[in-house]
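Engineer: This is the structure I want to talk about, given as structure tokens.
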Amino acid sequence: SLCSLFSKRKRMGYSLGVRDSIMIAHSFKGAEFGPAQGVHGATYTVDCEFSSINLVPGSNWVVDIGKALQVLSDVLKVYNYKNLDDLEEFKGQNTTTEFMCKVIHDKISWKMKGHVTGDLKITLHESHKAWAS
């Protein structure tokens with residue numbers, strides 16, 4: 001019934017997403033990367049989605065959208081227009097899309113501690129054909 005369909009919304013929870021982008025350069029080590037062993041660029045669209053079973057009482061939000069946008073921007077600006085191979089934190093690492101998802105996820109999780117309950121999902125879109133979460 002229509003009523004039972006709408007009542008499921010409560011169990012599914014709520015989400016809020018914010019988006020930004022970065023332009024980076026990097027290279028990969030290992031024959032399995034083929035031509036990507038050479039320096040190449042990527043423009044990532046970065047989606048940051050917070051989800052929670054319940055809305056925060058009073059504010060009726062999952063998270064403060066302004067805070068979420070600011071934290072995402074702060075985390076990404078460190079990498080924007082940079083060659084990731086030159087950054088000390090990535091020495092000896094292949095900065096794959098999946099790896100960068102983890103890095104961004106960990107930093108946003110740390111910065112948002114105490115501001116949100118629930119889950120965080122980061123998705124980096126390399127193009128309309130390829131992305132990682």
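Engineer: Only residues that are assigned to a helix (DSSP H, G or I) and within 23 Å of the chain's Cα centre (by Cα): list them for segment 34-49, please.
Structural biologist: Listed by number, the list holds a single entry, ALA36.
Engineer: Moving on to the next point. Within segment 49-66, can one find any residue that is closer than 23 Å to ILE24 by Cα, exposed (fewer than 14 other Cβ atoms within 10 Å of the Cβ) and either in contact with an Asp or Glu (Cβ under 9 Å, 6 or more places away or on another chain) or aliphatic (A, V, I, L, M) (or both)?
Structural biologist: no
Engineer: Turning to a different aspect of this structure: Test of understanding: among VAL75, VAL18, which residue is among the aliphatic types (A, V, I, L, M), touching a helix residue (DSSP H, G or I) at 6+ places or on another chain (Cβ under 6 Å) and either outside any strand (DSSP E or B) or farther than 18 Å from ALA132 by Cα (or both)?
Structural biologist: On inspection, the qualifying residue turns out to be VAL75.
Engineer: Taking PHE6 as the residue in question, decide whether it is at pLDDT 95 or above and in a helix (DSSP H, G or I).
Structural biologist: no
Engineer: Scan segment 80-133 residue by residue and report those that are of a type in the set (Gly, Ala, Ser) and either touching a residue at least 40 places away in the same chain (Cβ under 8 Å) or in contact with a strand residue (DSSP E or B) (Cβ under 7 Å, 6 or more places away or on another chain) (or both).
Structural biologist: Within segment 80-133, SER109, GLY118, ALA132, SER133 qualify.
Engineer: Looking only at residues in segment 117-133 that are touching a Ser or Thr at 6+ places or on another chain (Cβ under 7 Å), assigned to a loop (DSSP other than H, G, I, E, B) and not hydroxyl-bearing (Ser, Thr, Tyr), which one is surrounded by the most Cβ atoms within 10 Å (Cβ to Cβ)?
Structural biologist: GLY118
Engineer: Any residue in segment 41-60 that's under 17 Å from LYS77 (Cβ atoms): show its pairings with residues that are of a type outside the set (A, V, I, L, M) and not in a strand (DSSP E or B) at Cβ separation under 7 Å, as long as the two are six or more apart or on different chains.
Structural biologist: Pairs found: ALA42/GLU126; TYR44/GLU126.
Engineer: Are any residues in segment 79-110 surrounded by 13 or more Cβ atoms within 10 Å (Cβ to Cβ) and either modelled with pLDDT under 95 or part of a loop (DSSP other than H, G, I, E, B) (or both), and if so, which ones?
Structural biologist: TYR79, ASN80, LEU87, GLN93, ASN94, THR95, THR96
Engineer: Do you know which of the residues in segment 68-78 that are loosely packed, with under 15 Cβ neighbours inside 10 Å and hydrophobic (A, V, I, L, M, F, W, C) is farthest from the chain's Cα centre (by Cα)?
Structural biologist: If we take residues in segment 68-78 being loosely packed, with under 15 Cβ neighbours inside 10 Å and hydrophobic (A, V, I, L, M, F, W, C), then VAL78 is farthest from the chain's Cα centre (by Cα).
Engineer: If I ask for residues that are in contact with a strand residue (DSSP E or B) (Cβ under 8 Å, 6 or more places away or on another chain) and surrounded by 17 or more Cβ atoms within 10 Å (Cβ to Cβ), which ones from segment 21-41 would you list?
Structural biologist: ILE22, ILE24, HIS26
Engineer: Separate question: Restricting to segment 50-65, count the residues that are closer than 11 Å to HIS115 by Cβ and under 17 Å from the mean Cα position of the chain (by Cα).
Structural biologist: 4
Engineer: Oh, and also: I'd like the full set of residues that are in contact with a Cys (Cβ under 9 Å, 6 or more places away or on another chain) and of a type in the set (Lys, Arg), limited to segment 57-98.
Structural biologist: none
The values are calculated or read from the model by the stated rules, or taken from the named source; none is laboratory data. From a predicted model like this one, the values you see are computed outputs, not experimental measurements. Positions of Cβ are generated from backbone atoms using ideal geometry, with glycine treated the same way; all protein chains shown enter the neighbour counts.
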